[in-house]
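Here is the structure we will look at.
Rule-based calculations on the coordinates, nothing more; no lab input. Quick caveat: nothing in here was measured; it's all calculated off a predicted structure. So basically every Cβ, Gly included, is an ideal-geometry build from the backbone, and we count neighbours across all protein chains shown.
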Amino acid sequence: MQAPEIIELPKFLDDRGNLSVIENQKNIPFDIERTYWIYDVPGGEKRGGHAYTNAQEFIVAISGSFDVVLHDGEKELRYHLNRSYYGLYVPKMTWRELENFSTNSLALILTDHKYADTDYIQEFDDFIKVKNG
Ligand code: TYD
């Protein structure tokens, strides 16, 4: 079972503006099957609050900042994302919630599975039960 980790991305600094890049299996440990983004989050709102049975993901604060709060079944882990040149790898079967969005923040999420509501574990108690077998 892989662990959550911050992954630094290539960064091409340039007087004309900077550039970062993500390639499948090179910068992230999976092939991207779906990309979505969360934006215009009102102050104080939270997103997520579930786990995925199969999908792993990589989350980048393309703009602004927010916190990603993870639970691996044993402990809570909190990450503050505020740069577009690194992101958080989240393995499957990790409880995850996004909160503390700054004004105009943009959360980019890359994942290796197509959308399927059957992949969601919506209740934390169910997540803990599945985690503990
Ligand atoms: P959801 O994953 O429940 O977002 P959050 O947990 O942050 O509240 O998704 C919100 C809505 O968007 C839900 O109706 C399903 C839909 N959705 C898709 O259709 N495709 C997707 O890839 C995602 C992530 C969500």
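At-a-glance table
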| quantity | calculated |
| --- | --- |
| GNM top mover of ILE109, ILE62, ILE38 - the chain, alpha-carbon springs below 10 Å | ILE38 |
| GluC sites (Glu not before Pro) restricted to the range 46-102 and DSSP loop, no more than 14 other C-beta within 10 Å | GLU74 |
| The chain - charge dipole about Cα centre, Lys and Arg +1 at Cβ, Asp and Glu -1, debye rounded to 20 | 180 |
| Neighbour-limited loop hits for GluC sites (Glu not before Pro), the range 1-55 (at most 13 other Cβ within 10 Å; DSSP other than H, G, I, E, B) | GLU23, GLU33, GLU45 |
| Lys pairs, the chain - Cα-Cα below 26 angstrom, 8 or more residues apart or on other chains | 16 |
| Residue among ARG78, ARG16, ARG96 with the largest mean-square fluctuation in a Gaussian network model of the chain, springs linking Cα atoms under 10 Å | ARG16 |
| Spherically averaged projected area of the chain from its Cα convex hull (nm²) | 8.4 |
| Over the chain, relative contact order from alpha-carbon pairs under 8 Å, at least 6 apart, % | 34 |
